[in-house]
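Written out below as structure tokens is the structure these notes cover.
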Amino acid sequence: MENLSHEAMTLYYQINYTLTDVPDDAAYFHAQFRRNNPLPYKSVHTILDGVKGQGHYVGTYMAWQVNNTGWWGEGEIKFFLDGDREFPTICGTGTEDYFCGSYNFDVGKDNGGYREFTTPYAGLPQVIRPDGLYQSQTRFGLYRFHIMDPVRFEQDLKVTIQALGWRSGGRYLPNQDDISSVAFWYQTLPTAKFPQLLDKDYLEVI
């Protein structure tokens, strides 16, 4: 825990534990937050990088603010496993497909456009529509948990996602969105150093 405020705070916590022998090759739970605000033009949002060892990836949560009009979720999620370089072992077919809400999360303009949904392992529980359907500053909360379909790795893991929409002429539009993510995974130790958390002004949602 890190207090980024100038004010003192009190932290309450409780730890439950068991006294037992833990194998040397046990995989430990990890979670890591990252944010791009905004995502640099023609770049990808890195959900996770620097993981070394053996383990499995079990989930993604994303908070996504779209900074352009129109559809925004054409980007692919990519899992680079065990020495992958340019081409990933797993390459998705679109942001909405990864979160199990294909066809734009959209039931049509006459039916309200984006439709929130929740399931045990994937969902779009929140949509903030300040300017109406497909307009700037729409914000989304999305999750996908790989409980039934863990992504296993033996040596290393990197996870990225593109931010792509559409522009005139049927061309891709590289979006410059405000994207935050939390990755959840298990891995053997040691753990690579996490990236430094940015200051409170950068992290503030405005």
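The values are calculated or read from the model by the stated rules, or taken from the named source; none is laboratory data. Keep in mind that this is a model prediction, so the values were computed, not measured. Neighbour counts are summed over all protein chains in view; Cβ atoms, including those assigned to glycine, are modelled from backbone coordinates with ideal geometry. What goes into the accessible areas is simple: the full protein's heavy atoms, side chains included, and nothing from ligands, DNA or RNA. Shrake-Rupley method; radii C 1.70, N 1.55, O 1.52, S 1.80 Å.
Here are a few things to note about the model shown:
- Contact order normalised by residue count of the chain, Cα under 8 Å, 6+ apart, percent: 38 percent
- Take 181-189, 1-9, 158-166 and order them by the average number of nearby Cβ atoms within 10 Å per residue, most first; the result is 158-166, 181-189, 1-9.
- Three-way shape label, the range 1-86, alpha-carbon gyration tensor, a/c 1.5: oblate
- For the range 196-202, Karplus couplings with θ = phi - 60° (6.51, -1.76, 1.60), whole Hz, Gly/Pro x: 5, 5, 6, 6, 5, 5, 5
- Considering only Gly55, Leu39, Gly141, the residue lying farthest towards the positive end of the dipole of the chain is Leu39, judged by Cα position with unit charges set on Cβ.
- Net charge dipole, the chain: roughly 460 debye, given to the nearest 20, about the Cα centre with Cβ charges of +1 for Lys and Arg and -1 for Asp and Glu.
- Once Cα Rg over 2.2 N^0.38 Å is calculated for the structure shown, the corresponding label among [x] 0.99; [y] 1.12; [z] 1.49 turns out to be [y].
- Solvent-accessible area per residue for the chain (1.4 angstrom probe, square angstrom): 61 Å²
- Test item: Cα-centred dipole of the range 1-68, Lys/Arg +1 and Asp/Glu -1 on Cβ, debye: 460 debye
- Surface share of carbon and sulfur [accessible, 1.4 angstrom probe, percent] for the chain: 52 percent
- Note on exposure: Asp177, Asp49 ranked by accessible area (1.4 Å probe, complete protein assembly) read Asp49, Asp177, with the most exposed listed first.
- Loop-located chymotrypsin sites (Phe, Trp or Tyr not before Pro) in the range 73-162, at most 12 other Cβ atoms within 10 Å (DSSP): Tyr103
- Alpha-carbon centroids, the range 47-107 and the range 144-174: separation in whole Å: 2 Å
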